[in-house]
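Shown next, in structure tokens, is the structure this report addresses.
The values are calculated or read from the model by the stated rules, or taken from the named source; none is laboratory data. None of these values were measured; they are calculated from a predicted model. Counting neighbours? That spans all protein chains shown, and the Cβs are built from the backbone with ideal geometry, glycine included. Please note that ligands, DNA and RNA were not included when accessible areas were found on the heavy atoms of the full protein model with its side chains. Shrake-Rupley method; radii C 1.70, N 1.55, O 1.52, S 1.80 Å.
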Amino acid sequence: METTNTLTVKCPRLGCPSTLLRPHAAQLVSRPLIMLPEFGQTFERGPSMEAPETKSKEEWFWRVAQVMDFENIGVSHTATDGSKYLSCADCDIAPLGIQTAGDSVELLIANSRISYSK
């Protein structure tokens, strides 16, 4: 049985009104091997960016099939490891999640890096 988000997924930054996902737009998945850069790191801009050194382990994510399933999301340039990082398109807080690289591309927002509203 798939679990979908029953609440609206919002940007976690206080004062940012951005909606990231509408209810029932994403499925809850466990991905225990994914490491995301810590909040507040700056990424080098350009055709290919270095994957940040300082990372934290995240396990629970909201997964969508395509970038257009989001209401409002920013996507970084491709990192040297092939992944792309997801941010709030309004306030640029990042990274909220990741677009994985490889044969099975996934768009994932970390459950611990978002807020919710009804």
> Using the heavy atoms of the protein chains alone and a 1.4 angstrom probe, what is the accessible area of the chain per residue in square angstrom?
Replying inline: 57
> So if R0 is 25 Å, what FRET efficiency would Asp92 and Ser112 give, r being the distance between their Cβ atoms, rounded to the nearest 0.05?
Replying inline: 0.85
> What are the lysines whose alpha-carbon lies under 19 Å from the alpha-carbon of Lys57, with same-chain residues fewer than 8 places away excluded?
Replying inline: Lys84
> What nm value, rounded to one decimal, do you get for the distance between Val105 and Thr19 when each label is placed 7 Å out toward the C-beta?
Replying inline: 2.6
> If Lys and Arg each add +1 and Asp and Glu each add -1, what is the summed charge of the other residues whose beta carbon sits under 12 Å from the beta carbon of Cys88?
Replying inline: 0
> If Lys and Arg each add +1 and Asp and Glu each add -1, what is the summed charge of the other residues whose beta carbon sits under 15 Å from the beta carbon of Ala110?
Replying inline: +4
> How big is the gap, in Å, between the Cα center of region 77-104 and the Cα center of region 15-38?
Replying inline: 12
